[in-house]
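Below is one structure, written out as structure tokens; the observations come after it.
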Amino acid sequence: MWHGAEVVYHGAVTIFPLTSLVWRFCPDAGSFMRRLLASSDFRAGFVEMLPACVALVPFGLVCGVGAAAAGASWLAALGMSAIIFSGAAQVLAGQMLAGGAPLAVIVLTCFVLGLRFLMYSAAMAPYLKALPARWQQALAFLLTDQAFAAAIRRFNAKDDPHGGAQHFLGCGMALYICWQVTNMIGFFAGNLIPASWSLEFAVPLCFLALVAPLLRDAPTIVAAIVAGIAVVALGGLPMKLNLIAAGVIGITAGTMADLARDRWTRR
Amino acid sequence: MDAALKLWAVIFAVGLLNYLSRLSFIAVFARRSMPPLLGRALKYVPAAMLTAMILPMVLTDPVAGNAMNANPKVAAAVIAGVVAFFSRSMLLTMGTGMAALWLLQALG
């Protein structure tokens with residue numbers, strides 16, 4: 001059964017307090033949005049992300065379905081997509097919750113997965129240095145794999161930190177809106193999707209789209225292969241501990257291969 | 001622990017840690033540069049962690065158990081991986097991967 005009326009009701013109930021909160025704390029939000037929409041950089045970023053948004057629709061739906069299957073309330077499902085805002089971490093947390101892992105193990109594994117944001121943050125930092133703290137905090141919140149790739153390309157192409165920041169904000173907001181909407185549709189209407197579509201396959205496909213292009217240098221290939229072998233070999237570990245173990249082993253192997261390559265080429 | 005409470009604890013703890021990781025060098029350690037060994041190790045986080053998540057999802061077939069030779073997901077994932085490697089496009093990877101899976105399932 002489709003919960004169409006419920007979606008509209010919950011959407012309205014959620015969006016109204018959120019917008020009134022925005023107006024309460026930032027009375028100039030309206031004029032800010034108007035200026036943003038007038039900015040060609042913001043619009044360019046928003047439009048540039050639309051193909052990625054389309055590709056993320058099945059992933060978002062699966063995340064919403066997964067939240068519903070895990071017994072989350074609609075608010076908790078929205079909390080996952082809106083607060084965590086990382087499909088990989090949401091899927092990982094969902095799997096580990098279903099696997100009965102304790103809180104500390106779940107948080108630690110998701111933290112290791114989220115360590116890639118440290119790298120993105122360091123790569124992005126020089127371009128955002130000139131911006132006000134509010135912009136830095138907002139853009140950091142919207143830092144995801146796809147937005148990072150698009151934004152860093154724009155920063156490298158043009159020496160224009162303010163235009164680049166607006167472009168980044170456009171990318172981030174397109175992804176954020178798409179993510180909340182698809183997660184909520186998946187949560188309320190996921191039972192309409194036939195199982196024969198194998199929509200859950202969208203999740204490894206999204207990760208493949210991120211990983212496969214990285215496999216161009218030896219240490220990265222070593223990290224991927226070692227992590228892959230480790231996760232299968234350690235599949236017997238309880239509480240999905242094989243994920244964090246394989247991650248740490250793969251990262252270590254990649255780093256050691258990198259160091260060994262340096263020593264080799266220096267000689 | 002109550003399941004709903006545990007879920008909210010996960011949401012806030014993971015959300016906070018993710019945000020701090022995202023904010024780290026942009027604001028918190030803005031005046032510091034990345035320690036070289038850490039920078040080196042972080043380069044391999046996506047390859048290691050995401051591969052560790054991909055394999056169990058592809059290798060286990062909810063219908064046929066763990067029969068790798070009868071699992072169309074493996075072939076579909078290999079095709080999608082090749083497309084991703086050359087195109088670097090999310091949309092193209094998703095499109096070919098799902099199309100390959102549906103085709104293989106229809107043939108199998």
Scan region A:193-215 for residues that are open to solvent by 30 Å² or more (accessible area, probe 1.4 Å) and within 21 Å of A:A76 (Cβ to Cβ) and report the count. 2
Would you confirm whether any residue within region A:253-262 is at positive phi, facing another protein chain (nearest Cβ under 7 Å) and open to solvent by less than 20 Å² (accessible area, probe 1.4 Å)? no
Just name the residue that is farthest from B:V10 (Cα to Cα) out of those in region A:105-151 that are of a type in the set (A, V, I, L, M, F, W, C) and part of a loop (DSSP other than H, G, I, E, B). A:A130
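The rows are residues; the columns are (1) more than 10 Å from every other protein chain (Cβ to nearest Cβ); (2) modelled with pLDDT of 95 or more.
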residue: B:M68; (1), (2): yes, no
residue: B:N71; (1), (2): yes, no
residue: B:A77; (1), (2): no, yes
residue: B:T93; (1), (2): no, yes
residue: B:T96; (1), (2): no, yes
residue: B:Q105; (1), (2): no, no
Go through region B:2-47 and give me each residue that's hydrophobic (A, V, I, L, M, F, W, C) and open to solvent by less than 10 Å² (accessible area, probe 1.4 Å). B:V10, B:I11, B:V14, B:I26, B:L42, B:V45, B:A47
Cβ-Cβ under 6 Å, sequence separation 6+ or interchain: first residue in region A:70-96 and over 14 Å from B:G15 (Cβ atoms) and touching a residue at least 12 places away in the same chain (Cβ under 8 Å), partner among the small types (G, A, S) and part of a loop (DSSP other than H, G, I, E, B). Which pairs? A:G94/A:A70
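Determine whether A:V211 is of a type in the set (A, V, I, L, M), touching a residue at least 12 places away in the same chain (Cβ under 8 Å) and in contact with a Ser or Thr (Cβ under 8 Å, 6 or more places away or on another chain). Outline the logic, then answer.
On the way: of a type in the set (A, V, I, L, M): yes; touching a residue at least 12 places away in the same chain (Cβ under 8 Å): yes; in contact with a Ser or Thr (Cβ under 8 Å, 6 or more places away or on another chain): yes.
Yes, satisfied.
For A:L205, state whether it is modelled with pLDDT under 95 and either within 8 Å of chain B (Cβ to nearest Cβ) or over 24 Å from the mean Cα position of the chain (by Cα) (or both). Please lay out each step first, then the result.
Values: modelled with pLDDT under 95: no; either within 8 Å of chain B (Cβ to nearest Cβ) or over 24 Å from the mean Cα position of the chain (by Cα) (or both): yes.
When the stated conditions are applied, A:L205 does not pass them.
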Being within 23 Å of A:I221 (Cα to Cα), open to solvent by 70 Å² or more (accessible area, probe 1.4 Å) and of a type in the set (A, V, I, L, M, F, W, C) is the filter here, so list the residues in region B:82-108 that pass it. B:V82, B:F86, B:L92
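Of everything in region A:216-229, what is more than 7 Å from chain B (Cβ to nearest Cβ) and surrounded by 21 or more Cβ atoms within 10 Å (Cβ to Cβ)? Give them in sequence order. Break it down into steps so the answer makes sense when it comes.
Pass one, region A:216-229, residues more than 7 Å from chain B (Cβ to nearest Cβ): A:216-218, A:221-222, A:225-226, A:229.
Correct list: A:V222, A:V226.
The values are calculated or read from the model by the stated rules, or taken from the named source; none is laboratory data. Keep in mind the model is a prediction, meaning the values are calculated, not measured. As a convention, Cβ positions derive from the backbone with ideal geometry for all residues, glycine included, and neighbour counts pool all protein chains shown. Heads up: the accessible areas ignore ligands, DNA and RNA and are worked out on the full protein's heavy atoms, side chains in. Shrake-Rupley method; radii C 1.70, N 1.55, O 1.52, S 1.80 Å.
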